Amino acid sequence: RDGSTHVIPVKATSNPADVEGSELVIVLVKSWATGESVRPLRSYLTRDAVVLTLQNGLGNAAQLRSALLHDGVRPHVWLGVTTQAAIRTAPGSVRHTGEGITVIGRKSNEVNTRLRQIATTLTSADIPTSAVDDIHRWVWRKLAVNAAINPVTALAGVPNREVRENRDLQNACRLLATEATAVANARGLALDTQEVLNAVSEVATATGDNRSSMLVDLENGLRTEIDAINGAIVREARRRGIAVPANQLVTSLIRAREGHPKQS
């Protein structure tokens, strides 16, 4: 972000056996590719390994637990969210566009020694990370922010800054975020609408030049993460008898644009 350039060699492999002996596996693929991407790894990960999702949306941890089950055992699956922002400017080239926070936690909410060790390791690698005991609230907080920014920028075809500068887009974001917050609160997560709207504004400011991943996917004819973001809010709202018409609308519109079938 200060304009300096670093060349960092990365060892890449397509051989799943190369994960054998790993203590920590971080999953960063698109949400719809979660199960398929990790399934080849399951026979090489022990029950003592930790698999950490830092992905967008809901349902990734459940997909990981299912896909990694092997001979009746599976590794630990823990959750995290990050608001670090970057854009890929060319193949193999990434520009860091916004500082953010990274938090990690466990399904049980207890912060144990190993979780703290992982947070320390990531922090020492210049990815400031905190271990938290309310990770589900953090997941829904980011979900609500993504649910506001991603489909709005994708459908309007604008960079992130426009959701802060354009009043009509602000109103659309407010509707989406308010519905998401209501569903989160129905789950007992005590999420504040104004907190989410402030986060939307902060993200739009910090990543003003960015085009959201959903917009980039649509522009490139790729499948988006709409089903794991707004679609997930719609499904959870339906289970709880809550009306979320704005999220239902943008989910249908994005699905129509991308041309992929509706997910169950």
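The values are calculated or read from the model by the stated rules, or taken from the named source; none is laboratory data. Source: prediction; values computed, not measured. Neighbour counts are summed over all protein chains in view; Cβ atoms, including those assigned to glycine, are modelled from backbone coordinates with ideal geometry. To get the accessible areas, we keep the full protein, side chains included, count just its heavy atoms, and leave off ligands, DNA and RNA. Shrake-Rupley method; radii C 1.70, N 1.55, O 1.52, S 1.80 Å.
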Going through the range 81-106 one residue at a time, which ones are open to solvent by 90 Å² or more (accessible area, probe 1.4 Å) and either part of a helix (DSSP H, G or I) or touching a strand residue (DSSP E or B) at 6+ places or on another chain (Cβ under 7 Å) (or both)?
Arg88, Val94, Arg95
Check off (1) part of a loop (DSSP other than H, G, I, E, B); (2) at pLDDT 95 or above for Ala147 and give me the number that stays unchecked.
(1)
Selection count where residues are open to solvent by 50 Å² or more (accessible area, probe 1.4 Å), part of a helix (DSSP H, G or I) and within 13 Å of Asn160 (Cβ to Cβ), scope the range 211-253:
1
Candidates Ala33, Ala62 - the one that is in a helix (DSSP H, G or I), closer than 19 Å to Val103 by Cα and not β-branched (Val, Ile, Thr)
Ala62
If Gly208 satisfies every condition in (1) outside any loop (DSSP other than H, G, I, E, B); (2) touching a residue at least 40 places away in the same chain (Cβ under 8 Å) but one, which is the exception?
(1)
Residues to consider are Asn220, Asn247; find the one that is modelled with pLDDT of 90 or more and in contact with a Leu (Cβ under 8 Å, 6 or more places away or on another chain).
Asn247
What pairs come out if I take residues in the range 3-26 that are open to solvent by less than 100 Å² (accessible area, probe 1.4 Å) and pair them with residues that are hydroxyl-bearing (Ser, Thr, Tyr) whose C-beta lies under 7 Å away, six or more apart or interchain?
Pro16/Tyr44; Ala17/Tyr44; Val19/Tyr44
